[in-house]
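Okay, structure first, notes after.
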Amino acid sequence: MNRINNYDELVAARRMTETIIADRKRIINEHVDGFKEKLTPVMNIVNIFKNKGSGNSSLLKGGTSLAIDLFVGQKLLRKAGWFTRLIVPTLLRTLSSKVIGNSKKE
């Protein structure tokens, strides 16, 4: 890092720093836009399941329940005790059904 000796060098350093910041913001925004594009199909599927019918969204709740059973119950908690393997998936299923119900009301 060079030592700044006068005002002109300070202004030049500030402009260079602002240019670097603007370039990095542009790169980050490009990455975020690319990530959004990749997530668009997933969000479309979630919206289809969420908007399915005017009543309850039992298909989405059933899918999340199955995913919780398979992933959490069998993969994450495979070395846990029987009590933990019984309680944690139940709590997650309850929480997910409440979240799905709240998002349905909005």
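The values are calculated or read from the model by the stated rules, or taken from the named source; none is laboratory data. None of these values were measured; they are calculated from a predicted model. Here the Cβ is made from the backbone with ideal geometry for all residues, glycine too, and neighbour counts use every protein chain on show.
Results for (1) in a loop (DSSP other than H, G, I, E, B); (2) among the aliphatic types (A, V, I, L, M); (3) touching a strand residue (DSSP E or B) at 6+ places or on another chain (Cβ under 7 Å); (4) modelled with pLDDT under 85, shown as yes or no for each residue.
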| position | (1), (2), (3), (4) |
| --- | --- |
| M1 | yes, yes, no, yes |
| V11 | no, yes, no, no |
| E18 | no, no, no, no |
| D23 | no, no, no, no |
| N29 | no, no, no, no |
| N47 | no, no, no, yes |
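So, in the stretch 52-85, of the ones that are farther than 15 Å from S97 by Cα and outside any helix (DSSP H, G or I), which residue ends up modelled with the highest pLDDT?
In this case the residue turns out to be G81.
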